[in-house]
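Below is one structure, written out as structure tokens; comments come after it.
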Amino acid sequence: MFRFIRFAVLTLVASSLLLISGPVAAAAQEATPEAECPVTTSEENEELVTMYWEEVWWGDQGAIAEIVAEDEVHHWGIGGDTTGFEEFSERWNLFFTAFPVLEFTVEQVIVEDDLAATHWTATGTHRGEWQGIAPTDREVTWQGINIFRIECGQIVESWGTADHLGLLQQLGAIELPAAMATPAA
């Protein structure tokens, strides 16, 4: 008999919680703000960073407003950070003055949650001043990695690093000791 009474009481308590939780859950749902933007999938993030290299760097520069957030923070591998499209464009223009014909090849894209990493190779000809180095007309090739943070379907922050030491060597701006210039066997 005790088991039956205990079961009845527990059933009554559970039922009352279900009846109470309905209006409480509805009120909580109404109080919860809608997401400001949808979460993107890994596939969408991979497509976005691929578009970055195709459109922003060597395609339709007008597409940057769709790909990169207006207040994007870009941590360049050399020089200071830039914030926003205007500062990014100023840096971009300096780079393309030095290397007006520049091609990027994306070697690999890795995506996890809101982060995407790209490994790339750049090839170009040094035709304008860069980092205080007069034009050399040398064709150069170097590699780098960029990591992008994505929100609301746009790049909001990025970190870039590249083999600037190798680039400086190819431009004749520095000499590396033989031990550093030759990979170990």
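Just so you know, all these numbers are worked out from the coordinates, no wet-lab data involved. What you see is a predicted model, and the numbers here were worked out from it, not measured in a lab. Here Cβ is always computed from backbone atoms with ideal geometry, including for glycine, and neighbour counts include all displayed protein chains.
Using the Cα centre of the stretch 60-100 as origin and beta-carbon charges of +1 (Lys, Arg) and -1 (Asp, Glu), tell me which of Thr83, Val68, Pro100 is placed farthest towards the positive end of the dipole.
Selected residue: Pro100.
Ranking Glu87, Glu112 by Cβ neighbours within 10 Å, fewest first, what do you get?
Glu112, Glu87
At 7 Å along Cα-to-Cβ for each site, give me the label-to-label distance between Ala173 and Asp137 in nm.
Taking the simple label geometry, Ala173 and Asp137 are separated by 2.0 nm.
Sum up the charges of everything whose Cβ sits under 14 Å from the Cβ of Gly144, counting Lys and Arg as +1 and Asp and Glu as -1, but leave Gly144 out.
Local net charge: -3.
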